[in-house]
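**Student:** Submitted below is the structure of interest, expressed as structure tokens.
The values are calculated or read from the model by the stated rules, or taken from the named source; none is laboratory data. Computed from a predicted structure; not experimentally measured. Note that we place each Cβ from the backbone using ideal geometry, even for glycine, and neighbour counts take in every protein chain shown. Quick note on the areas: whole protein, heavy atoms, side chains included, nothing else; ligands and nucleic acids left out. Shrake-Rupley method; radii C 1.70, N 1.55, O 1.52, S 1.80 Å.
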Amino acid sequence: MDIVVKGRKTEVPERFRKHVAEKLKLEKIQKLDGKVISLDVEVSKEPNPRQADRCDRVEITLRSRGPVIRAEAAASDPYAALDLAAEKLDARLRKEHDKRFSRRGARRISAAEVADHVPDAATLDSNGLPVRDETTDGVPTKKIGSLEVKGDGPLVVREKTHVASPMSLDQALYEMELVGHDFYLFVDSETKEPSVVYRRHAYDYGVIHLSTDPMVAEAAQTPAAGGTLGG
């Protein structure tokens, strides 16, 4: 991979191109992101004399198999702007590297452990259905969408169904960052089961995978011995 240096409405001297190669060491960058595809450096100049202290701008764009990383800075000369932009790029590369490292260390939890890790998670029975409160205290129940609500219950204001293509965990984390949410529901391309990634503390992330038990599913579909079918 080579570093592409170009100027926008300005000439880029050969001396500056050599400085870019010395400042942006590819070996160091590839240690932080081994999937780098290209690295572009664009130099531009602001003709406004009122902005003489930041008339030279340098923008670094790094493209890899993950999210695109950009870093830009402005200073009184292109060399100082490059130094500032390179520092920003290094910080963002380390941040992405730490994210990937924390993802690899994340432990998958079983569906039985969801209630222990997610506050207010629904309790499921052996068939994977929500456990209903059998107490008969005279409180009326009503249907809201596909839910049966007892008393006032939770107010469901919106119900949506989305068609989702299976994706990898890395892609799900990238999509979550893209939309700026604290969690992201997706279908895992490896297990083909629904999963959720969510933001924890600092740069840590968590993932919850839901899996079905074939034995339980088979038992749910098989009539009990001696039972009757239909009404």
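**Student:** How big is segment 1-82 by the Kirkwood estimate over distinct Cα pairs, in Å?
**Tutor:** Details: mean 1/r = 0.0751 Å⁻¹.
This gives a value of 13.3 Å.
**Student:** Would you work out what percent of the accessible area of segment 11-56, with all protein chains in place, is carbon or sulfur (probe 1.4 Å)? Mind showing how you got there, number by number?
**Tutor:** Details: 1530 of 3260 Å².
The computed percentage sits at 47.
**Student:** With a probe of 1.4 Å, find how much accessible area segment 2-86 has per residue, and write the answer as a whole number in Å².
**Tutor:** Details: 5230 Å² over 85 residues.
That works out to 62 Å² per residue.
**Student:** Taking the simple approach of a point 7 Å from Cα along Cα-to-Cβ for both K28 and K6, what is their distance in nm?
**Tutor:** My value for the distance between the label points is 2.6 nm.
**Student:** Let me ask something else about it. I'd like the accessible area for M176: 1.4 Å probe, protein heavy atoms, all chains in place, Å² to the nearest 10.
**Tutor:** About 0 Å², rounded to the nearest 10.
**Student:** If you don't mind, there's one more thing I want to ask. Between F183 and E72, with labels modelled 7 Å along Cα→Cβ, what's the label distance in nm to one decimal, could you check?
**Tutor:** Once both label points are built, they end up 3.6 nm from each other.
**Student:** Next up: Label K35 and K192 with points 7 Å out from Cα along Cα→Cβ: what is the distance between them in nm?
**Tutor:** 2.4
**Student:** Now for a different question. R50 to D83: extension gain in nm, 0.36 nm per residue of separation minus the Cα-Cα distance? If you can, show how the numbers build up before the last one.
**Tutor:** Values: separation 33, 0.36 × 33 = 11.88 nm, distance 2.25 nm.
Here the segment from R50 to D83 would lengthen by 9.6 nm.
**Student:** D213 to R65: extension gain in nm, 0.36 nm per residue of separation minus the Cα-Cα distance? Each step should come with its number before you reach the end.
**Tutor:** Values: separation 148, 0.36 × 148 = 53.28 nm, distance 3.43 nm.
Length gained, D213 through R65: 49.8 nm.
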